[in-house]
Amino acid sequence: MNIKEVRELLDKYNLNAKKGFGQNFLIDDNILKKIAFSLDDKDYQAVIEVGPGLGSLTRYLVKSYPQVLCYEIDQDMIEVLNDTILEHNLTIKEGDFLKSNVEKDIETYFGKQNVCLIANLPYYITSPILLKLLEEVPSVKDIVIMIQKEVADRFVAKPNTKDYNALSVLIQYFTNAEKLFDVSPSAFIPAPKVSSSVIHLSYKDKVSLSGDDLTFFLKFNRNIFKQRRKTLVNNICASFNISKEDTSKILLENGFKDTIRSEALSVEEIVNLSKIFKDKLS
């Protein structure tokens with residue numbers, strides 16, 4: 001969908017991009033095709049899209065996938081989608097994705113099968129959407145999303161870099177994260193104030209933690225990055241019921257200096273330390 005077509009639709013339905021819903025309409029057909037067809041080699045039979053808006057990406061998804069389920073919160077956009085995309089393999093679900101039982105919806109609309117998610121996400125709710133997918137929607141195995149470049153850089157960041165944080169660790173623990181390409185603000189109307197990136201998150205077949213161990217790891221990871229200027233020892237002591245002396249001793253016994261900062265640790269090292277501290281605190 002090019003800029004002329006987008007403007008014609010907005011004029012026809014007397015619409016404007018709504019800031020409250022984070023609406024920026026992608027107008028570069030080449031980019032839309034690259035996103036929509038990015039998982040064609042995976043042979044998925046069903047795809048989920050969050051926030052289809054005017055349907056620029058949806059028009060390509062319905063051509064590429066036998067079944068498409070879209071979540072749209074804006075009633076005005078639902079009217080446009082119903083009027084302009086007539087393919088029978090499209091289901092539009094009105095409502096807030098974050099409040100939806102997505103796993104149940106997948107079973108209702110697609111049956112018991114693995115699906116992918118492809119979307120140009122509203123930037124202000126990128127993290128809550130991804131956390132929901134990671135924690136509540138095991139049937140989604142691949143994610144391709146357009147997000148703010150700054151956030152994408154965090155997803156793929158390595159230790160000892162300014163972008164590496166708790167979100168980097170979380171994403172890289174559950175998925176293999178790959179940044180596909182960057183997108184200029186000029187590819188949208190209205191143009192956002194930030195650059196964007198398209199990123200692919202492929203779920204790992206197996207992760208090492210489950211149950212209480214996983215719950216503690218999520219808490220441990222979140223807390224050790226709370227204050228970047230503090231050492232790992234100080235962040236742990238501020239968040240858990242353990243003395244500085246005991247924390248330092250545990251780190252030294254496991255080959256870490258007690259002056260180390262959290263951003264110097266690999267994902268695997270953080271996972272292992274979470275197991276050690278969980279046992280010590282039990």
Qualifying positions in the stretch 173-220 - in a loop (DSSP other than H, G, I, E, B), under 26 Å from Glu136 (Cα atoms) and of a type in the set (Gly, Ala, Ser): Ser208, Ser210
Subset of the stretch 138-149 [farther than 14 Å from Leu121 by Cα and either outside the structural domain of Ile199 (by TED's automatic domain parsing) or not small (Gly, Ala, Ser) (or both)]: Pro138, Val140, Lys141, Asp142
Matching residues, the stretch 160-172, being surrounded by fewer than 21 Cβ atoms within 10 Å (Cβ to Cβ) and not in a helix (DSSP H, G or I): Asn160, Thr161, Lys162, Asp163, Asn165
Matching option when the condition is out of contact with any Leu (no Cβ under 9 Å at 6 or more places or on another chain) and among the hydrophobic types (A, V, I, L, M, F, W, C), among Ile48, Ile92, Ile85, Ile35: Ile85
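Of all residues being among the polar types (S, T, N, Q) and over 24 Å from Thr175 (Cα atoms) in the stretch 255-282, which is modelled with the lowest pLDDT? Just the residue, please.
Start the filter on the stretch 255-282 by keeping residues that are among the polar types (S, T, N, Q), which leaves 259, 262, 266, 272, 274, 282.
The next check asks that each one be over 24 Å from Thr175 (Cα atoms); those that pass are 259, 282.
Details: Thr259: 96, Ser282: 85.
Restricting to residues being among the polar types (S, T, N, Q) and over 24 Å from Thr175 (Cα atoms), the top hit is Ser282.
The values are calculated or read from the model by the stated rules, or taken from the named source; none is laboratory data. This one's a predicted model, so the numbers in the text were calculated from it and none came from an experiment. Heads up, the Cβs are rebuilt from the backbone with ideal geometry, glycines too, and the neighbour counts pull from every protein chain shown.
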